[in-house]
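Chemist: Let me give you the structure first, and then I'll get to my questions.
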Amino acid sequence: MDYFARQNLIVSKTAAELIKNIKIIVVGVGAGGNEVLKNLILMGFGNITILDFDIVEDSNLSRTTLFRKEDIGKSKSLVAA
């Protein structure tokens, strides 16, 4: 499966390779960081470091897409990764 098929229709293979390999750090994967992280991944960025020292709580579930009920109590960084 080619995860970057849509991206390859828009940008050159050289640009796509640069996007895939650029290093990015996302600090905080709460509501806003969760959305940013999801969008970076969908855009093809592939070298992302996630930094958040918090754990997933029940109140996070209604405003994030990467966390589920079974993730409560786990590290946000590990679950998001």
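Chemist: Taking segment 1-16 as the search range and keeping residues that are outside any helix (DSSP H, G or I) and open to solvent by 50 Å² or more (accessible area, probe 1.4 Å), which one is modelled with the highest pLDDT? Even if it seems obvious, please write down each step before you answer.
Modeler: So the first thing to find is which residues in segment 1-16 are outside any helix (DSSP H, G or I), and the list is 1-4, 11-12.
Imposing the further condition that a residue be open to solvent by 50 Å² or more (accessible area, probe 1.4 Å) reduces the set to 1-4, 12.
On the way: Met1: 67, Asp2: 70, Tyr3: 66, Phe4: 66, Ser12: 85.
Looking at residues that are outside any helix (DSSP H, G or I) and open to solvent by 50 Å² or more (accessible area, probe 1.4 Å), I get Ser12.
Chemist: Please verify whether segment 31-42 includes one or more residues that are within 22 Å of Asp2 (Cα to Cα), part of a strand (DSSP E or B) and open to solvent by 40 Å² or more (accessible area, probe 1.4 Å).
Modeler: Among the residues of segment 31-42, not one is within 22 Å of Asp2 (Cα to Cα), part of a strand (DSSP E or B) and open to solvent by 40 Å² or more (accessible area, probe 1.4 Å), which makes the answer no.
Chemist: Name the residues in segment 47-75 that are of a type in the set (Val, Ile, Thr) and in a strand (DSSP E or B), would you?
Modeler: Of the residues in segment 47-75, the ones of a type in the set (Val, Ile, Thr) are 48-50, 55-56, 64-65, 72.
If the condition is that a residue be of a type in the set (Val, Ile, Thr) and in a strand (DSSP E or B), then Ile48, Thr49, Ile50, Ile55 are the ones that fit.
Chemist: Take the conditions out of contact with any Asp or Glu (no Cβ under 8 Å at 6 or more places or on another chain), farther than 13 Å from Ala80 by Cα, outside any helix (DSSP H, G or I) and among the β-branched types (Val, Ile, Thr) and apply them to Ile19. Does it pass? Steps first, please.
Modeler: On the way: out of contact with any Asp or Glu (no Cβ under 8 Å at 6 or more places or on another chain): yes; farther than 13 Å from Ala80 by Cα: yes; outside any helix (DSSP H, G or I): no; among the β-branched types (Val, Ile, Thr): yes.
Taking the combined requirement at face value, the residue does not satisfy it.
Chemist: So, in segment 64-81, how many residues would count as being under 21 Å from Ile25 (Cα atoms) and open to solvent by 70 Å² or more (accessible area, probe 1.4 Å)?
Modeler: Qualifying residue count, segment 64-81: 4.
Chemist: Please go through segment 43-63 and pick out each residue that is touching a Phe, Trp or Tyr at 6+ places or on another chain (Cβ under 8 Å) and open to solvent by 40 Å² or more (accessible area, probe 1.4 Å). Give the derivation first.
Modeler: First, pick out the residues of segment 43-63 that are touching a Phe, Trp or Tyr at 6+ places or on another chain (Cβ under 8 Å): 44, 56, 60-61.
Correct list: Leu61 only.
The values are calculated or read from the model by the stated rules, or taken from the named source; none is laboratory data. These numbers were taken from a predicted model, which means no experiment stands behind them. Quick reminder, even Gly has a Cβ in these numbers, built from the backbone with ideal geometry, and neighbours come from all protein chains shown. What goes into the accessible areas is simple: the full protein's heavy atoms, side chains included, and nothing from ligands, DNA or RNA. Shrake-Rupley method; radii C 1.70, N 1.55, O 1.52, S 1.80 Å.
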